[in-house]
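The values are calculated or read from the model by the stated rules, or taken from the named source; none is laboratory data. Keep in mind that what you see is a predicted model, and the values were worked out from it rather than measured. Cβ placement follows ideal geometry from the backbone for every residue including glycine, while neighbour counts extend to all protein chains displayed. The area values use the complete protein model at the heavy-atom level, side chains included, leaving out ligands, DNA and RNA. Shrake-Rupley method; radii C 1.70, N 1.55, O 1.52, S 1.80 Å.
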Amino acid sequence: SQQGEEDPQALSIQEGENATMNCSYKTSINNLQWYRQNSGRGLVHLILIRSNEREKHSGRLRVTLDTSKKSSSLLITASRAADTASYFCATVKNTDKLIFGTGTRLQVFP
Amino acid sequence: GAGVSQSPSNKVTEKGKDVELRCDPISGHTALYWYRQSLGQGLEFLIYFQGNSAPDKSGLPSDRFSAERTGGSVSTLTIQRTQQEDSAVYLCASSKGPNYEQYFGPGTRLTVT
């Protein structure tokens, strides 16, 4: 079962623009992770943010976490065509299993 | 190896047959997870192994599904008497342990005809 909802479900932008994806979840968490998936197969870990953190950066990625609103956002700056993929947030509660959101399909046009 | 590997990459089977899916985690990772991804259900957790602890089987959808992890390394997911609704991509992941990022294999695409 999925804990989270992601919004938007699909996003199309031009290269060089920023892309923002949002994730909302339902219960308390230990951490929240963002993953990218190309072509419906392997998932690639992007960034992990712990429940006591509010913001993290990794290269062109910026993730925020608001535990009071049970929401997170992923910002990709200066997007590239190679960023085209599906992006998933996933939460970890007491055990270590990932509970995934519904995903956002990002299309970046050259 | 450098990453998580899974075999086979694709499996087509007839309804009612049993299938075994294999996962080789990253060497030294104590935690191993199975997930599946299907159009109707999205990405779902199935089962989680951590060291020598009893596995967390809370995500297994029915008693036709079982998994083993031998010697703390390789894992096999077995689906008995497959049904068409079992068709999905089965993903394996491993990590250093709780609260670490998970590294995913390329998945096994299972098609039940």
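Can you give me the P(r) profile for the range A:5-109? Cα pairs, bins 5 angstrom wide beginning at 0, each as a whole percent.
Histogram of Cα-Cα distances, whole percents per bin: 3, 13, 26, 26, 19, 9, 4, 1.
Chains A and B: what accessible area do they bury, summed, in square angstrom to the nearest 100, with a 1.4 Å probe?
Approximately 1800 Å² gets buried when A meets B.
Take the solvent-accessible surface of the protein heavy atoms, probe 1.4 Å, and return the percent of it on chain B that carbon and sulfur atoms account for.
45 percent
Over the range B:5-106, with the other protein chains present, what is the accessible area per residue in square angstrom, probe 1.4 angstrom?
Per-residue value: 48 Å².
At a Förster distance of 41 Å, what's the computed FRET efficiency of A:R54 paired with B:T111, Cβ-Cβ distance as r, to 0.05?
0.40
Using a Debye calculation, one point per C-alpha and no hydration shell, please list log10 I(q)/I(0) for the range B:5-106 at q = 0.10, 0.15, 0.19 Å⁻¹ in order.
-0.25, -0.57, -0.91
Using the 2.2 N^0.38 Å rule of thumb for compact globular proteins, work out how the protein assembly as shown stacks up: its C-alpha Rg over that value, please.
1.01
Calculate, in nm to one decimal, what A:T64 and A:E15 gain on full extension: separation in residues at 0.36 nm each, minus their alpha carbon distance.
Length gained, A:T64 through A:E15: 15.4 nm.
With heavy atoms of protein chains only and a 1.4 Å probe, what residues of the range A:73-104 have at least 40 Å² less accessible area in the full set of chains than alone?
A:D96, A:K97, A:L98, A:F100
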